[in-house]
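Any read-out appearing in this document is the output of simple, stated calculations on the displayed coordinates, not a laboratory observation. This structure is a prediction, so every number in the text was calculated from the model and none was measured. Quick reminder, even Gly has a Cβ in these numbers, built from the backbone with ideal geometry, and neighbours come from all protein chains shown.
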Amino acid sequence: MIRRIAVHRVWNVRERSCRDMQVVEVDAATHCVERVYPLVEEIRNTEWWGGLMIVSPVLPLLPEAEEDFQAYTRRMNVPEGEDEAREYAFYVVGFRLADSCFGAASRMTRV
């Protein structure tokens, strides 16, 4: 079964790209990301989570309290040999979109 989640922003670690208003499809059995695409219309059975989701083949680094998003992305890289690995989605709780930074109590949860 595929789980479809819409968020304000998706950062793909492998591509080093950030995109707004995206849908992330995750396989509920394997937890692997199947597809990421723009949210252009309401799609049946889509959950709205808002905020930030990180798509990565490795566990993302923990953000520092009040860390700016740009500073965080400079620290986070895909280790050599992980280029072809499956990607997973990590939802960031406590990310402040307006300031584009992590809050003091930010944490990540694998989807």
- Task: Residues being part of a strand (DSSP E or B) and either charged (D, E, K, R) or surrounded by 18 or more Cβ atoms within 10 Å (Cβ to Cβ) (or both): count how many of those fall in the stretch 91-109.
- Result: 9
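Pick out, from the stretch 20-87, the strands (runs of 3 or more DSSP E) lying fully within it that include 2 or more residues that are free of Cβ contacts under 8 Å to residues at least 24 places away in the same chain and under 13 Å from V10 (Cα atoms). Even if it seems obvious, please write down each step before you answer.
Details: elements: 33-38, 46-48, 52-56.
Qualifying strands (runs of 3 or more DSSP E): 33-38.
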- Message: Condition check: within 21 Å of F95 (Cβ to Cβ), under 12 Å from the mean Cα position of the chain (by Cα) and not aromatic (F, W, Y). Does H31 satisfy that?
- Response: no
- Note on the structure: Reported set for the stretch 38-63 where residues are hydroxyl-bearing (S, T, Y) and farther than 24 Å from R74 by Cα is T46
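In the set E67, E25, which member is under 12 Å from the mean Cα position of the chain (by Cα), surrounded by 15 or more Cβ atoms within 10 Å (Cβ to Cβ) and charged (D, E, K, R)?
Working: E67 fails: under 12 Å from the mean Cα position of the chain (by Cα).
It is E25.
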- Note on the stretch 10-19: residues part of a strand (DSSP E or B) and either touching a residue at least 40 places away in the same chain (Cβ under 8 Å) or surrounded by 13 or more Cβ atoms within 10 Å (Cβ to Cβ) (or both) are V10, W11, N12, C18, R19
